[in-house]
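Any read-out appearing in this document is the output of simple, stated calculations on the displayed coordinates, not a laboratory observation. What you see is a predicted model; the values in this text were computed from it and never measured. No Cβ is skipped: glycine too gets one built from the backbone with ideal geometry, and neighbour counts run over all protein chains shown.
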């Protein structure tokens with residue numbers, strides 16, 4: 001499973017805004033090469049919500065546990081919500097993941113920083129997690145779309 005395959009899948013969903021920061025677009029350099037997915041049928045970056053998924057290709061300050069400084073390493077981050085978080089990790093998002101190797105590849109884990117918010121993460125999805133990643137991305141997309149629609153109805 002490649003980064004481009006994941007981006008193509010998410011971008012094919014109706015109303016998705018995909019941001020791919022790079023030189024010259026005004027984004028911070030640390031974000032260059034990463035991808036951020038929002039539900040935004042207007043095509044405008046929402047100011048009141050976070051992306052429903054991201055792909056990061058490097059360590060960020062305070063977020064080094066996944067070891068993304070290795071060649072070819074990347075991590076898919078998914079706002080899966082509490083129910084799926086518990087199903088995949090076996091515990092509440094409020095519990096810690098002491099002893100977990102967040103650098104393991106092709107495994108669904110709590111996000112090393114945003115797990116407490118119900119985010120899941122997969123470093124280098126492969127044969128074991130590929131279909132699961134697509135399913136989790138679809139759920140995160142559906143959740144983001146539902147939130148958007150509820151706000152629009154308010």
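Structural remarks
- Residue 45-residue 94 FRET efficiency (beta carbon distance; Förster radius 25 Å; 0.05 resolution): 0.25
- The relative contact order of region 19-103, computed from alpha carbon pairs under 8 Å that lie at least 6 residues apart in sequence, is 20 percent.
- Fully extending the segment from residue 116 to residue 64 would add 17.0 nm, taking 0.36 nm per residue of separation and subtracting the current Cα-Cα distance.
- Gain on full extension, evaluated as 0.36 nm per residue between residue 104 and residue 14 minus their Cα-Cα distance, stands at 29.2 nm.
- For volume of the Cα convex hull per residue in Å³, the value calculated from this model appears in [x] 121; [y] 90; [z] 106 under label [x].
- For region 89-123 and region 1-80, distance of Cα centres in Å: 18 Å
- Net length available on complete extension from residue 134 to residue 5 is 45.4 nm, with 0.36 nm assigned per residue and the Cα-Cα distance removed.
- Per residue of the chain, the DSSP helices (runs of n ≥ 4 H) give a summed -39500 (n - 2.57) that works out to -8500 deg cm²/dmol at 222 nm.
- Normalised by the number of residues in the chain, the average gap of Cα pairs under 8 Å and 6 or more apart makes the relative contact order 20 percent.
- With R₀ set to 30 Å, the beta-carbon distance separating residue 83 from residue 29 gives a calculated FRET efficiency near 0.25.
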